[in-house]
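*Asks:* Okay, handing you the structure first.
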Amino acid sequence: MCGIFGYIGTDNHAAQKTVNGLKDLEYRGYDSWGIAVRSPRAQELYSRKNVGKISGVAEKDFANIVGDMSIGHSRWATHGGVTKKNAHPHFNHDKTIAVVHNGIIENADVLRRRLSEGKRNLFVSETDTEVIPHLIDYHMKMGKSLEDAFVATCGDLKGRFAFVVMHTESDFLLAARSGSPLIIGKGEGEYFIASDIPAFLEYTQVVNYLDDGEYVKLNRTEARFRSFHTQKKIQKKDIPIVFNKEAASKGEWDHFMLKEIVEQKDSLARAINQDDKAIKKIAREIQKARGVFLSGCGTAGKVCMAAEYFFSVVAERHTNFAPSSEFPIYHHFLRPESLLVAVSQSGETADVLEAMKVAKRKKSKVLSLVNVSGSSVARASDYSLLINAGPEKAVASTKAATSQLALLLLIAYATAGKLKEGKELLIGLVGKINDQLNPKYLEYIKKVAEIIFRENDVYIIGKSANYPMALEAAIKIQEVSYIHAEGFAGGELKHGPIALVKKNTPCIALLANDETKDDMLSNVAELKARGAYIIGIAPEDHALFDKWISVPDVGAASPIANLIPIQILAYYLAVLRGNNPDMPRNLAKSVTVK
Ligand code: F6R
């Protein structure tokens with residue numbers, strides 16, 4: 001949530017660089033944006049902020065702003081509405097200190113009251129962030145250097161944060177991390193700092209990760225890391241980055257979402273291309289664990305719920321799914337022999353990290369599946385596997401979700417001692433998805449979207465592992481098209497939800513060619529009898545369907561095959577309704593707040 005960018009170097013166009021970098025971070029938040037620049041000899045920091053998306057801002061408008069040190073921010077509002085005043089950076093009273101921040105300062109109200117004593121109108125925004133520059137200012141007025149005041153401020157703050165600080169009179173940037181990501185990019189005579197790597201990838205491919213409890217002091221030639229608890233020095237290894245900028249750019253595509261959907265041709269193959277030894281080791285951990293828990297949020301949560309079925313059906317292994325925000329309630333069941341499998345595309349989701357903390361407190365082991373290497377989730381795990389989906393920029397998760405599903409299905413097969421069989425099934429799936437994801441298929445699903453895009457409600461049903469996919473289908477449709485969509489287990493309809501169905505209500509049925517098929521067809525018939533317009537996503541057409549979207553017949557991998565046309569449908573529903581599917585309202589890609 002929120003994108004942070006900072007630059008210090010010899011280029012006097014730091015402002016332009018910052019705006020450019022923020023554009024790559026916009027997926028993290030797009031309510032408003034702002035930058036601050038330190039210009040030589042200026043008494044105050046220069047700043048410009050506005051509501052709206054940074055993508056609409058021209059870099060050339062910043063060409064005549066001179067300064068070789070700058071910080072910027074793209075916001076997803078938490079404290080205070082979407083206004084210019086609440087946009088970052090935030091400043092102290094004299095505008096000598098600027099701060100950009102990601103996260104939530106939980107004790108902001110207490111700190112605000114304390115700082116405001118005897119001072120009227122000290123705060124100009126409603127944000128929690130604004131306490132940071134005022135705290136630094138307070139400590140400096142008490143005689144501390146900027147760095148010492150910064151460290152003291154870190155100690156004053158409760159909550160999750162990543163922030164960067166710039167001062168008019170200091171030739172360096174300071175940045176601290178406690179829970180929210182910050183990565184340092186090392187250039188020639190220049191340093192970058194950002195919430196995510198693509199923001200500076202065109203300038204450097206060498207990075208250092210800031211860990212929780214650490215801060216960095218960046219000047220043009222050196223990055224000095226220390227603990228903000230003990231001030232002890234920390235040595236970091238330079239890490240080369242392997243992905244290229246192109247993979248994280250839209251190219252010829254209208255939207256990242258469609259690009260990423262089509263990329264599933266390759267991303268699925270990468271997900272299952274794992275080291276057999278590593279998968280077998282994980283399988284052994286699952287076999288010997290007393291209590292296996294699967295947890296993630298939103299789409300990743302629905303993937304975990306599907307995996308609960310995978311482990312049951314494929315490996316006859318009992319596992320427990322809980323959304324990460326609910327997981328702490330299960331702490332009574334955790335013990336040192338338990339295993340938490342945490343699934344997260346970004347690896348930065350606060351609720352997932354909190355679930356992991358709870359498991360760690362009980363000394364349980366944690367296995368994570370992430371898409372971002374070096375992410376907080378990966379680093380805090382006992383074992384971690386990369387799904388290798390490549391950068392996912394659209395807010396709605398698509399290729400990451402199917403990669404997570406594929407890898408979890410592979411692990412379920414390995415747990416059953418059938419890794420080879422699982423691999424063969426998934427390799428077969430990859431080939432079939434490759435054949436299927438062609439322009440004709442997209443065009444066909446667009447036509448289906450044209451039939452239903454004006455509707456107010458859509459219902460989706462599934463059974464077994466396709467039940468969580470019905471829930472995931474609802475998320476996809478809700479978040480990008482804003483149509484009211486709900487997913488149900490097919491057999492649950494008659495216990496209440498069927499009362500919602502009227503003549504021509506679009507109902508989507510996710511079918512597999514397995515033992516669930518007949519029951520599902522009965523549920524479809526129940527809907528049809530109430531006049532529903534049935535869209536069947538299934539390996540075979542059926543007389544009950546008004547529209548059939550074909551999917552390959554892929555056995556236990558059916559949830560993966562069924563999810564892809566849903567993603568395409570959600571995409572076209574969004575476009576037909578005039579929405580930008582890449583940046584849905586009220587959402588952000590990486591949810592680093594609880
Ligand atoms: C929906 C979506 C979200 C994420 C959720 C978890 O399309 O993308 O529901 O799945 O916020 O994010 P990660 O996987 O980064 O932990």
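*Asks:* How big is the charge dipole of the chain about its Cα centre, in debye rounded to the nearest 20, if each Lys and Arg gets +1 on its Cβ and each Asp and Glu gets -1 on its Cβ?
*Replies:* So the magnitude is around 1160 debye.
*Asks:* What order do you get for 356-365, 507-516 when each peptide is scored by the mean count of other beta carbon atoms within 10 Å, highest first?
*Replies:* Answer by packing, highest mean first, reads 507-516, 356-365.
*Asks:* How do the peptides 431-442, 141-152, 304-315 rank, highest first, by the average count of neighbouring beta carbon atoms within 10 Å per residue?
*Replies:* Most protected by this proxy first, the peptides run 304-315, 141-152, 431-442.
*Asks:* Could you give the Stokes-Einstein D for region 354-442 in µm² per second, using the C-alpha Kirkwood radius, 25 °C, 0.890 mPa s?
*Replies:* 163
*Asks:* Given 10 Å bins starting at zero, what is the percent of C-alpha pairs of region 171-326 in each, up to the one with the largest pair distance?
*Replies:* Histogram of Cα-Cα distances, whole percents per bin: 9, 23, 26, 29, 12, 1, 0.
*Asks:* Next up: Viscosity 0.692 mPa s, temperature 37 °C: Stokes-Einstein D of region 232-287 from its Kirkwood Cα radius, in µm² per second?
*Replies:* It diffuses with D of about 216 µm²/s by this estimate.
*Asks:* Looking at region 256-576, what % of the alpha carbon pairs are farther apart than 36 Å?
*Replies:* 15
*Asks:* Another question, if that's okay. Out of the total accessible area of the chain (probe 1.4 Å, heavy atoms of protein only), what percent is carbon and sulfur?
*Replies:* C and S fraction of accessible area: 49 percent.
*Asks:* So, one more: Pull up all non-local amide H partners of SER178: gap of 5 or more, or a different chain, and H-to-H distance under 5 Å with H placed in the peptide plane.
*Replies:* Amide H to amide H, under 5 Å and 5 or more residues apart or across chains, SER178 pairs with PHE161, ALA162, GLY213.
*Asks:* Compute the FRET efficiency between ASP254 and ASP546 as 1/(1 + (r/R0)^6), taking r as their Cβ-Cβ distance and R0 = 35 Å, and round to the nearest 0.05.
*Replies:* 0.80
*Asks:* While we're here: Determine, for each peptide in 446-456, 565-575, the mean count of other beta carbons within 10 angstrom over its residues, then list the peptides with the highest first.
*Replies:* Packing proxy ranking, top to bottom: 565-575, 446-456.
*Asks:* Given q = 0.14 Å⁻¹, what are the Debye log10 I(q)/I(0) values for region 3-247, with equal point scatterers placed on the Cα positions and solvent ignored?
*Replies:* -0.84
*Asks:* In addition: Wrap a convex hull around the Cα atoms of region 278-394, take a quarter of its surface area, and give that in square nanometres.
*Replies:* Mean orientational projected area (region 278-394, Cα hull): 6.7 nm².
*Asks:* Between LYS141 and GLU169, what is 0.36 nm times their sequence separation minus the Cα-Cα distance? Round to one decimal in nm.
*Replies:* Computed gain between LYS141 and GLU169 is 8.6 nm.
*Asks:* May I pose another question? If we restrict to alpha carbons, what Rg and Dmax does region 1-120 come to, in Å?
*Replies:* 14.6, 43
*Asks:* In whole angstrom, how far apart do the alpha carbon centroids of region 153-201 and region 43-84 sit?
*Replies:* A separation of 16 Å, based on Cα centres.
*Asks:* Taking the 0 to 90 degree range and rounding to the nearest ten, how far is the long axis of helix 517-529 tilted relative to the main principal axis of the chain, both from C-alpha atoms?
*Replies:* In the chain, helix 517-529 runs at an angle near 90 degrees to the longest axis.
*Asks:* With the other protein chains left in place, how much accessible area per residue, in square angstrom, belongs to region 133-281 at a 1.4 angstrom probe?
*Replies:* 44
*Asks:* So what's the Cα pair-distance distribution over region 437-594, bin width 5 Å, in %?
*Replies:* Spelled out bin by bin, region 437-594 gives 2, 10, 20, 23, 21, 14, 7, 3, 1, 0 percent.
*Asks:* Separate question: Let me know the Rg and Dmax you get for the chain when you use only its Cα atoms, in Å.
*Replies:* In Å, with Rg to one decimal and Dmax whole: 25.1, 81.
*Asks:* State the answer as a single residue: which of GLY431, LEU442, THR516 lies farthest towards the positive end of the charge dipole of region 423-531, with beta carbon charges of +1 for Lys and Arg and -1 for Asp and Glu, about the Cα centre.
*Replies:* LEU442
*Asks:* Still on this structure, I have one more. Rounded to the nearest 20 debye, what is the charge dipole size of region 3-247 about its Cα centre when +1 sits on each Lys and Arg Cβ and -1 on each Asp and Glu Cβ?
*Replies:* For region 3-247, the charge dipole is close to 400 debye.
*Asks:* Hey, with R₀ at 35 Å, roughly what FRET efficiency would LYS503 and ARG585 work out to, going by the Cβ-Cβ distance, to 0.05?
*Replies:* Calculated value: 0.70.
*Asks:* Past the 29 Å Cα-Cα mark, which pairs from LYS365/LYS594; LYS17/LYS393; LYS288/LYS494; LYS186/LYS232; LYS265/LYS502; LYS432/LYS547?
*Replies:* Violating the 29 Å limit, Cα to Cα: LYS288/LYS494; LYS265/LYS502.
The values are calculated or read from the model by the stated rules, or taken from the named source; none is laboratory data. Just so we're clear, the structure is a prediction, and the values are computed from it rather than from any experiment. For neighbour counting, all protein chains shown are included, and Cβ atoms are generated from backbone atoms with ideal geometry for every residue, glycine included. Only protein heavy atoms, including side chains, enter the accessible area calculation; ligands, DNA and RNA are left aside. Shrake-Rupley method; radii C 1.70, N 1.55, O 1.52, S 1.80 Å.
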